[in-house]
Structures are given as structure tokens and as C-alpha cells.
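Heads up: the structure comes next, in C-alpha cells.
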Amino acid sequence: MFSNFYIQQRLKKSALLREMGSNPYKTNARRTINNRDFLQKYSFLCESEPNAKDTQSQEMRATQETQETIVGRVRFMRLMGKACFIKIQDQSAILQAYVSKNELGERFEEVKKVLEVGDIVSVRGFAFVTKTGELSIHALGFEILSKAIVPLPEKFHGLSDVELRYRQRYVDLIVNEEVKEAFVLRSKIIACIRDFFDSKGFLEVETPMLHPIPGGANAKPFITHHNALGVERYLRIAPELYLKRLIVGGFEAIYEINRNFRNEGIDATHNPEFSSIEFYWAYHTFEDLMALTKELFAFLFERLELAQKLPWGEQEIDFSQWREIGYRESLSQIGEIDSEIVSDGARLEAFLRTNGVKIDKGLSYGKLLDEAFSEFVEPKLINPTFITRYPVELSPLARRSESESDIAERFELFIGGKEIANGFNELNDPIDQKERFEEQVRQKNAGDEEAQYMDEDFVWALGYGMPPTAGEGIGIDRLVMLLTNRRSIKDVILFPALKPSKANYDILLADKGDS
């Protein structure tokens with residue numbers, strides 16, 4: 001693995017560092033300030049009037065009495081005889097260090113002979129401004145904390161293997177600052193979501209990730225074996241059924257920020273493991289959830305200081321324009337399918353085949369509607385749109401409308417042409433729920449691998465009585481995609497699922513990146 005010429009050269013320098021009496025992998029790093037705070041704290045040195053040399057000199061002398069210690073990775077270095085300028089990057093910012101033999105003495109030889117781009121270092125010194133006007137740290141002490149034996153690439157975006165950024169995310173984060181910023185924003189988004197629901201009186205809970213029966217969504221599960229119990233277990237595809245058990249138990253407003261696992265395909269918006277938030281609100285309806293969802297987005301935009309109009313590829317999403325439309329109405333008004341075709345299963349199937357939509361034989365009417373919606377409506381839903389009045393067949397856990405038995409009291413939120421959230425009035429009739437599970441079992445026996453199992457314990461729980469409840473799930477990964485203008489889910493998951501590939505570490509060394 002480490003046979004490459006450039007790595008061998010660095011290994012020799014690592015050995016030389018030991019010969020010089022310095023461990024190339026230290027543990028005693030202590031910093032007093034990060035780079036961003038250093039730049040802010042001493043910014044006044046750059047603000048003196050050009051002609052006020054006396055004032056500037058006094059300020060400079062004052063700062064020399066205040067020593068700071070910074071740490072970070074060397075991103076650039078330029079040797080100039082008995083001095084060296086080094087750009088040092090930590091998580092907050094890049095700061096320039098000036099290192100000279102006058103201050104470091106023999107330690108300066110360590111810099112000249114051993115230091116390279118990629119090494120992690122510690123610099124102790126004082127703030128000053130260079131002749132070119134750059135605020136920097138003047139080194140009085142210097143140490144290599146961790147020797148990098150693999151050189152960083154200079155042109156990471158230019159790599160021919162585009163998936164290498166995902167396979168070696170650690171390098172991607174080092175080299176591409178915008179990638180790191182996207183994941184910092186992701187963390188802030190999740191923190192804001194938690195703050196929002198906490199402020200609304202919701203209780204954060206945790207439910208199992210290993211299930212005896214997969215449920216809560218139509219999806220193919222991952223299967224594992226529990227050695228101690230001697231039984232098969234399923235990785236969670238959704239926390240829904242456990243969260244609703246808690247509503248039965250007396251909690252009235254709960255949420256869980258969770259990881260889910262679905263043994264399905266991988267594309268621009270699907271990853272086998274993903275993050276979502278599910279929340280359940282007793283004594284409320286799905287209309288209340290729609291209002292709450294809009295309030296959540298307003299909260300996020302205010303806290304994150306985002307504009308109401310955000311770019312989305314070559315398009316723009318206007319978050320000030322929210323729309324609501326019924327499921328079948330959307331097929332005719334947005335999908336431009338004749339309403340008579342929408343109402344007739346045979347004609348709808350013929351329409352789909354005529355328009356090149358690949359569908360399996362024997363699909364039910366509900367599944368045909370779903371195919372038509374996915375093909376002709378969903379891609380057009382760019383601005384936030386609530387689709388309501390879903391067919392019951394497509395909503396096995398949602399409450400049936402009292403006025404229309406084939407309609408579920410449910411909505412889905414679409415933004416940027418993709419589903420972002422799904423919510424509905426929860427089915428709390430145990431007999432109706434049992435019958436729907438039985439229909440799911442029939443579909444599974446007929447070959448539908450994503451159909452749900454019979455969950456007798458959940459039906460039994462409903463038998464104790466669940467209050468009128470509305471529940472919703474929001475895909476966090478897709479939400480982050482929207483707010484960061486990323487078109488691939490791989491760009492918002494630190495370590496996305498990828499096909500197995502023989503590691504080719506030498507690709508990164510094609511442009512060795514030494515300065």
C-alpha cells in the first residue's frame with residue numbers, strides 16, 4: 001500500500017524526524033485559539049491608518065507580549081533561505097505563519113528538512129501584519145504533531161474517477177472547503193430541527209433499530225441474525241409503528257431523528273441508509289401538520305439566514321410560494337393526463353405503455369396511479385407543493401376519509417421535483433388496520449417484496465385505544481440537498497453506499513501536491 005515513490009520519500013523524512021529526537025506522532029497538542037478567532041481578535045492590526053506608523057508600532061509591540069498557540073494542517077509552504085511562510089488550516093479557517101531561524105534556531109532545520117504539505121503542526125507565537133498586509137502569526141515555537149506520509153492532491157476536482165471523492169471522503173474534506181461547509185450546514189439544520197420541535201413541546205425519544213417485523217413503510221428490509229436470541233432481525237425501515245405505540249402509551253407529542261435502512265436501489269436521491277425525522281402529534285390532524293411544516297421551514301430559513309428563493313440546478317425554488325392540490329387533480333392539472341383516463345384503470349395502463357413508461361403486468365389501479373404520478377407530476381413540483389387526498393391503497397397506515405372510503409387523509413410534500421415529507425391522520429381503528437395488514441400480506445405472497453408484514457402486536461396495541469393522531473416524516477438528506485443546492489444525495493452523506501471497488505490509492509498521487 002505504501003510502496004509509492006512519493007510516500008517512500010515521506011517515510012524517510014518521518015524516520016529523519018525520529019533521528020532528530022522528535023516523535024512524528026505526538027499527543028501533547030494544546031492550542032489557545034482557533035484560526036478564525038485569531039483573525040478576528042487581532043484584526044485591529046490591519047485597521048490602523050496607513051500613515052499612523054507610531055500607533056501601529058505600539059499595537060504590534062503590545063501583541064508581542066500576548067502569545068497564542070494554533071494547530072492545523074499545512075496547506076502551503078514557501079521556503080526563503082532562513083525563513084518560511086506556511087498556510088495552516090484548521091476547521092475554522094486558514095492562517096499564515098511566519099517561521100524563521102532567528103526565533104527557532106536549530107528547530108528551523110526540522111522545518112527545512114522534514115516539513116511538507118499535509119503535515120499537522122503546532123505554532124506558538126504572536127500576531128503581526130506582513131508587508132503585504134496579511135495578518136499572520138510570528139512563530140516563536142514550532143512542532144510537527146502528525147507526519148503525513150501520503151501527499152495531498154493539488155487538483156482533486158480534476159480526478160478522472162468522480163466517485164473517489166465519496167470513497168475517500170477524508171481527502172475530499174481536506175481539499176474542498178465547500179464540501180466541509182455543506183456538512184457543517186447539515187449539522188446546523190439538524191440542530192435547528194431539534195430546537196424547533198423542543199420549542200413546540202415535543203419530546204425526543206429513541207426506538208429500536210433491530211425489529212422482529214419490518215414495518216412502517218413499504219420497503220425491502222436488510223436482514224441480520226441475533227446470535228443471543230437465535231432469531232432473525234430486520235434493520236429498521238421506519239420507526240413509525242414503535243412511535244405510535246408510544247402514543248398509545250400516553251405520550252402526546254414525540255419525535256425521533258433516526259437512521260433507516262432499506263435494501264433498495266441507489267440513485268441520486270436514494271441511499272440504503274438515510275436520516276429522517278418522524279413526529280407524532282395526538283389530538284391534531286394532517287392539516288395541522290401541514291401548517292407546522294411550513295412553520296418549520298420558516299424557522300430554518302430565519303435561523304440559517306437563507307433567502308426565500310434558492311437555486312436548484314438551473315432552476316429556482318421559491319419558498320414563499322406554497323401550493324396544495326389533490327392527488328388525482330394533480331394528474332390532470334399538472335401531469336396533463338385526461339381526467340377520464342385517470343379514472344379508468346385499463347385506459348390508464350394503455351396510456352402509460354403508449355408513453356413509454358415501463359410497468360409490470362397486472363398492476364393494481366392504485367399502483368398505476370402511482371406510476372403515472374411519478375412520471376408526469378412529481379418532476380414538475382419544484383416550488384413547495386402539498387399533494388393531498390391519496391388513494392387508500394397507497395396509504396396502508398393512514399386513516400380512511402369518513403366521506404370517501406377510497407381516499408386517505410394524507411399529504412406528501414414535494415420540493416425540487418422530489419418527495420420531502422409524508423404525513424397523515426393515523427389509522428387508529430384496530431380492525432381496519434388488521435384488514436389492511438392482511439391485504440399487504442396478500443400482496444407480499446403475490447410477489448411484492450416491499451409489501452408490509454402482519455404486525456399483530458401493533459394491532460393489539462391499537463386495541464387499547466390510540467387517540468386521534470397525526471404523524472409525519474421528513475427526509476433529512478433530501479432537505480439538506482435542497483438547502484445546499486446538491487443534486488446527488490451522495491454529496492450530503494459523509495460516507496454514502498458505493499459499489500465495491502478495488503482500492504486504487506495511487507490515483508490520488510498522480511499529482512503529488514508537494515510545494
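Bear in mind these aren't lab numbers, they're just calculated from the coordinates by the rules spelled out. Predicted model, so just to flag it, every value in this text is computed and none were measured. So basically every Cβ, Gly included, is an ideal-geometry build from the backbone, and we count neighbours across all protein chains shown.
Things worth noting here:
- A dipole drawn for the chain from +1 and -1 charges on Cβ atoms has a positive end, and of PRO379, PRO496, LEU427 the residue lying farthest that way is PRO496.
- Tensor-based shape of segment 297-355 (alpha-carbon gyration tensor, a/c under 1.5 rounded, otherwise prolate or oblate): prolate
- Base-10 log of normalised Debye intensity for segment 5-151 (one unit scatterer per alpha-carbon) at q = 0.12, 0.15 Å⁻¹: -0.50, -0.75
- Relative contact order, whole percent, for the chain stands at 15, derived from Cα pairs under 8 Å and 6 or more residues apart.
- Pairwise inverse Cα distances across segment 264-344, averaged and inverted, put the Kirkwood hydrodynamic radius at 16.5 Å.
- For a straight C-alpha distance cut-off of 19 angstrom, the aspartates and glutamates reachable from LYS82 (same-chain residues fewer than eight places away being disregarded) are GLU103, GLU106, GLU109, GLU110, GLU116, GLU143.
- The chain - convex hull of alpha carbons, volume per residue in Å³: 211
- At q = 0.17, 0.18 Å⁻¹, base-10 log of I(q)/I(0) for segment 202-263 (Debye sum, equal scatterers on each alpha carbon): -0.60, -0.66
- Residue-averaged [θ]222 nm for the chain, counting only DSSP H segments that reach four residues, each worth -39500 (n - 2.57): -10000 deg cm²/dmol
- Debye-sum result for segment 324-407 in log10 I(q)/I(0), which assumes one identical scatterer on each alpha carbon, at q = 0.19 Å⁻¹: -0.86
- In this structure, the pairs whose alpha-carbon distance is over 32 Å, taken from LYS220/LYS361; LYS41/LYS490; LYS200/LYS418; LYS41/LYS200; LYS41/LYS101; LYS26/LYS180, are LYS41/LYS490; LYS41/LYS200.
- Estimated dipole of segment 5-151 in Debye, rounded to 20 [Cβ of Lys and Arg +1, of Asp and Glu -1, Cα centre]: 660
- Most positive-pole-ward Cα, GLN96, LEU11, PRO212, against dipole of the chain from beta carbon charges: LEU11
- Based on Cα contacts under 8 Å between residues 6+ apart, segment 5-151 shows a relative contact order of 29 percent.
- Estimated dipole of the chain in Debye, rounded to 20 [Cβ of Lys and Arg +1, of Asp and Glu -1, Cα centre]: 3160
- Rounded, prolate or oblate (a/c below 1.5 giving rounded, otherwise prolate when a/b exceeds b/c) for segment 146-243 by Cα gyration tensor: oblate
- Under the convention that each Lys and Arg Cβ holds +1 and each Asp and Glu Cβ holds -1, the size of the dipole of segment 283-359 around its Cα centre is about 260 debye.
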